[in-house]
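The values are calculated or read from the model by the stated rules, or taken from the named source; none is laboratory data. Bear in mind that the values here come from a model prediction, so they are computed numbers and not experimental data. All Cβ positions, even for glycine, are placed from backbone atoms using ideal geometry, and neighbour counts span all protein chains on display. Note: accessible area is taken over every heavy atom of the protein model, side chains too, but ligands, DNA and RNA are not part of it. Shrake-Rupley method; radii C 1.70, N 1.55, O 1.52, S 1.80 Å.
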Amino acid sequence: MPIVAVMVHVADVEAGMLWYQQAFPSAKRKSIPEPFFEYLDADGVSIEIVHADEKVASGAAGSVVYWHVEDFDLALRHMQSIGATLCRGPLKIEEHKRMCQVRDPWGNCIGLRG
């Protein structure tokens, strides 16, 4: 089963939308009218930026979604240039690929693999 959505919890939804638009520049901002909801469409995967609350806080708490990148070094530099911090890796993996985890400004983990 393919991933259809990634929900990211942040303190400021608009700031989160703007940051993730920079992080994933090919993603298109879309909305649903009823009830009104905005999200980013990254090649068919919805990146849903929502308010962190008492049930789900922002930050790393277990699961990490890894995004395939064509140019690993370029993708890592891009994430760091917009404020992501490296928290794990880079590590060498199969087929001469590498992977790492970065954290967004709210502490959420984003995995890069390529």
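Structural remarks
- Taken together, TYR39, TYR20 contain a single residue that is out of contact with any helix residue (DSSP H, G or I) (no Cβ under 7 Å at 6 or more places or on another chain), in a strand (DSSP E or B) and either over 15 Å from TRP106 (Cα atoms) or not β-branched (Val, Ile, Thr) (or both), which is TYR39.
- Being of a type in the set (A, V, I, L, M, F, W, C) and in contact (Cβ under 8 Å) with a residue 24 or more places away in the chain holds for only one residue in ILE32, ILE47, and it is ILE47.
- Screening the candidates GLY107, GLY59, GLY16, GLY83 for the property of being touching a residue at least 60 places away in the same chain (Cβ under 8 Å) and either touching a Leu at 6+ places or on another chain (Cβ under 7 Å) or under 23 Å from VAL4 (Cα atoms) (or both) yields one hit, GLY16.
- Qualifying residue in region 72-91 (condition: on the phi > 0 side of the Ramachandran plot, among the acidic types (Asp, Glu) and open to solvent by 30 Å² or more (accessible area, probe 1.4 Å)): no
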